[in-house]
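Reading through the structure tokens given below for one structure.
The values are calculated or read from the model by the stated rules, or taken from the named source; none is laboratory data. As the structure is a prediction and not an experimental result, all values here were calculated from the model. Using ideal geometry, Cβ is built from the backbone for each residue, glycine included, and neighbour counts are taken over all protein chains shown. Heavy atoms of the whole protein, side chains included, go into the accessibility calculation; ligands, DNA and RNA do not. Shrake-Rupley method; radii C 1.70, N 1.55, O 1.52, S 1.80 Å.
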Amino acid sequence: RARLRDLTRFVVPLIERLDALPSIASWGEWLTLLEQLASRSLKQPEGVLTALAELRPMSGIESVTLDEVREVLTNRLTFLRIEPAERRYGKVFVATIPESAGMSFANVYLPGLGEDIFPKRAFEDPLLLDEHRQRVSPDLATQDTRIADERLLFHLAAASAERTLFVSFPRMNLAQARARGPSFYALEVIRAITGRVPDLQELQRTAAESSQGVAAWPSPRNPADAIDDAEYDLALVGQLLRAPVEHARGRGRYLITANANLARSLRTRAGRWRRPWAEGDGLVDPSAETLAVLSNHRPAARPFSATALQQFAACPYRFLLHAVHRLQPRDEIVALERMDALTRGSLFHSIQFRILSELRDRDLLPVSPDSVSHVLTVADAVIDDVAGRYREELAPAIPRIWESEVEDIRWDIRGWLRGMAPAGGPTAWTPRWFELSFGLPSGRDSDPASDGNPVELPDGLKLRGSIDMIEERDGHLRVTDHKTGKAPAIPPGLTGRGEVLQPVLYALAAQALLGMPVDAARLSYCTERGGYRIVDVPITGDAPAALSKIISTIDESLRLGFLPAAPREGACNWCDYRVVCGPYEETRFQRKPKDRLAALEQVRKG
């Protein structure tokens, strides 16, 4: 908290200064403002101040915009080099080859003499080929000039070495997962040393023997050749892995005695691969204190969302991380180029809510074949308004792509509304409530009839959430949950093996909130990708009993404190917590005893 307060004291004044910058000013005014900003924000502003001082002769230029200032300064400040104040002797000097021109060093290291790296492959300018360049002016660069410039760089690097020149080339192209050979400059170096051009295969074999390290195990084969502790440890472990068991036993023990964190990590990882359930497998056999904390998270003790409850059947540990620890993936701040699934789903549901609310206010529900044209006109206006608000908030990097994505949504919305039209008539279901929320904070798009308190269902479960649409006919209700993804090939049945609980849960919640019986629940895949398919979910008969069985299984797991990493097949592929468990959890789970998972297996069987 103290560091956060320090950061606030430093950052907030800078933000205010940036906010106060004018949109247009003279160069002299810009330079004064930028010098003040550099002095306030940089620990060593001398280099930036020097670069700004060089532009003082331009002070009289008027009406300079911020974009023009950025265009002038970007390249100059991006490649600004600041010489250290202390003596450079006895230190390593890292620089580009042109920066080292005229300097000499006892030892020079020149890495990167690989194919297509140094020298770079030279290309003619496609807008002005070399034959035309020669006619225009002999001073324009051609292929011969470009090749000569590259060779000059190599000569400069070699000439700056007083005693020894070390050259190297990468043996692997990691981006393309293939071997990489040396450039002809490396071959010329060897020819200068030995008097002959080496055989390429012989050179690669010699290089492999010299470096020994590989991308997956970056260390020499002999620990004595290691240059730091990490290389030594890897080299020693590499030797022990290749040695007989009786020779290797106990020789790596120094690692776990030297670092308690490593010892705990290795023991935990080993326990995850062994047969018995261990503490590294999630929440297994917790202490009495942990059980006391978990008692506050049982379904009757605190409200859950349907989404949280659905995590349990996929993996109990995922349910623990999502619903109890409430861990969320870290938000990555990136330029929004193509609309991601979460943004699309949020925008789609917001548009649906606004359209249905507008149609209800205009008494245009239910949609009938005669009113479709008017309904689509209303929908277009709502789409433009909502998409405009989202665009202001998200600032997409490529407006044309954003507009294309919005038009795709418009197409889906129109198809969804046309699909509602045939249901019109005197016996049709009439949409009454949209985004009817319960147990959620106010200040969001929700129906006026929403309740800030969670709903308590007959089996004691406290539920919070928001129902997309509730229709009414003759005092009976029908609940619809809208989906923007692809419709499943196999209908989910009552509960989708524990992973599709929203229809049944929302039907019971609507009945408790509105005091009317619910006759039907359905999943509406309301996009072209989903085929505008309606999946009916039975909510009478066995549905309440099946739901009660799932809730009781979750409750018992929380009571016992047994929530291990036990994913169903394929559950890890798209899991947000894969970074926590690693990629091998399904394989590890197959080694564990299944006797304590009988209730979970029953849920997964449906």
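Using Cα centres only, tell me the gap between the stretch 243-276 and the stretch 512-550 in whole Å.
Cα centres, the stretch 243-276 to the stretch 512-550: 51 Å.
Sorted by accessible area with a 1.4 angstrom probe, largest first, how do K486, K462, K549 fall?
Largest to smallest exposure gives the sequence K486, K549, K462.
Between the stretch 109-132 and the stretch 1-33, how far is it from one alpha carbon centroid to the other, in angstrom?
43
Can you find, among I82, L18, T8, the residue farthest towards the positive end of the dipole of the stretch 1-101? Put +1 on the C-beta of Lys and Arg, -1 on that of Asp and Glu.
T8
Can you compute the FRET efficiency between R5 and Y89 using 1/(1 + (r/R0)^6), with r the Cβ-Cβ distance and R0 = 45 Å? Round to the nearest 0.05.
Calculated transfer efficiency: 0.60.
Let me know the charge dipole size of the stretch 37-127 about its Cα centre in debye, to the nearest 20, where only the beta-carbon of Lys, Arg (+1) and Asp, Glu (-1) is charged. Could you put the intermediate results ahead of the total?
Working: 11 positive and 13 negative charges, 118 e Å.
Roughly 560 debye, rounded to the nearest 20.
If you count only protein heavy atoms and use a 1.4 Å probe, how large is the accessible surface of H322, to the nearest 10 Å²?
About 40 Å², ignoring ligands and nucleic acids.
Could you tally the net charge around D459, taking each other residue with its Cβ under 11 Å from the Cβ of D459, Lys/Arg +1 and Asp/Glu -1?
Net charge in that neighbourhood comes out at 0.
I'd like the orientation of helix 399-420 relative to the chain: the angle between its Cα long axis and the longest Cα principal axis, in ° from 0 to 90, rounded to 10.
20
For n ≥ 4 DSSP H runs only, could you compute -39500 (n - 2.57) per run for the chain, divide by its residues and tell me the 222 nm figure to the nearest 500?
So the helix-based figure for the chain works out to -14000 deg cm²/dmol.
For the stretch 211-285, place one equal point scatterer on every Cα, skip the solvent, and apply the Debye formula. What is log10 of I(q)/I(0) at q = 0.11, 0.18, 0.27 Å⁻¹?
Reported log10 I(q)/I(0), two decimals: -0.38, -0.85, -1.19.
Taking only protein heavy atoms and a 1.4 Å probe, what accessible area per residue, in Å², does the chain have with all protein chains in place? Display every interim value, and only then the final one.
Numbers: 36380 Å² over 606 residues.
Ligands and nucleic acids excluded, the result is 60 Å² per residue.
In nm, what is the difference between 0.36 nm times the number of residues separating A421 and A598 and their Cα-Cα distance?
Value of the extension gain: 59.0 nm.
Can you tell me what percent of all Cα-Cα pairs in the stretch 121-242 are more than 18 Å apart? Please list the in-between numbers first.
Working: 5086 of 7381 pairs.
So the pairs more than 18 Å apart make up 69 percent of the total in the stretch 121-242.
Compute the convex hull volume of the Cα atoms of the stretch 316-456, divide it by the residue count, and report the result per residue in Å³ as a whole number.
Hull volume over Cα atoms, normalised by residue count, gives 166 Å³.
Roughly how many debye, to the nearest 20, is the charge dipole of the chain about its Cα centre, given +1 on each Lys and Arg Cβ, -1 on each Asp and Glu Cβ, and no other charges?
2740
Which trypsin sites (Lys or Arg not before Pro) does the stretch 258-310 hold that lie in a coil by DSSP with at most 14 other beta carbons within 10 Å?
Working: sites: R264, R267, R269, R272, R274; in loops: R274.
For trypsin sites (Lys or Arg not before Pro) across the stretch 258-310 that sit outside H, G, I, E and B with at most 14 neighbouring Cβ atoms in 10 Å, the list reads R274.
How much accessible surface does F123 have with a 1.4 Å probe, in Å² rounded to 10?
The accessible area of F123 comes to roughly 140 Å².
Could you rank F169, F562 by how accessible they are, 1.4 Å probe, largest area first?
F169, F562
If R0 is 56 Å, what FRET efficiency do you get for T164 and S137 from their C-beta distance, rounded to 0.05?
Given R0 = 56 Å and the Cβ-Cβ separation, E is 0.85.
Return one number: the angle in degrees, 0 to 90 and rounded to the nearest 10, between the long axis of the Cα atoms of helix 2-19 and the longest principal axis of the Cα atoms of the chain.
So the helix axis and the longest Cα principal axis differ by about 80 degrees.
Rank these residues by their accessible area, most exposed first, probe 1.4 Å: E556, E337, E392. Please list the in-between numbers first.
Values: E556 70, E337 100, E392 150 Å².
Ranked from most to least accessible, the order is E392, E337, E556.
What is the gain in length, in nm to one decimal, between A216 and R389 on full extension, counting 0.36 nm per residue of separation less the C-alpha to C-alpha distance?
57.5 nm
Exactly which trypsin sites (Lys or Arg not before Pro) in the stretch 408-457 are in a DSSP loop and have at most 16 other Cβ atoms within 10 Å?
R444
Please report, as a whole percent, how much of the solvent-accessible surface of the stretch 505-587 comes from carbon and sulfur atoms (probe radius 1.4 Å).
After summing per-atom areas, the C and S share lands at 51 percent.
Among DSSP bridges having both ends in the chain, what percentage is antiparallel? Round to the nearest 5.
On the way: 27 of 42 bridges.
Antiparallel bridges make up about 65 percent of those DSSP assigns within the chain.
Quick one: which residues, 5 or more positions from A521 or on another chain, have an amide H under 5 Å from its amide H? H modelled 1.01 Å from N in the peptide plane, none for Pro or chain starts.
Amide H neighbours of A521: V479, V537, I539.
Separation of the stretch 377-405 and the stretch 152-196 by C-alpha centroid, Å?
54
What area, in nm² and to one decimal, does the C-alpha convex hull of the chain cast on average over all directions? Walk me through the numbers before you get to the answer.
On the way: hull surface 171.8 nm².
Value for the chain: 43.0 nm².
I'm a student and want to see the number: the projected area of the Cα convex hull of the stretch 441-569, averaged over all directions, in nm².
Over all viewing directions, the stretch 441-569 projects a mean Cα-hull area of 9.9 nm².
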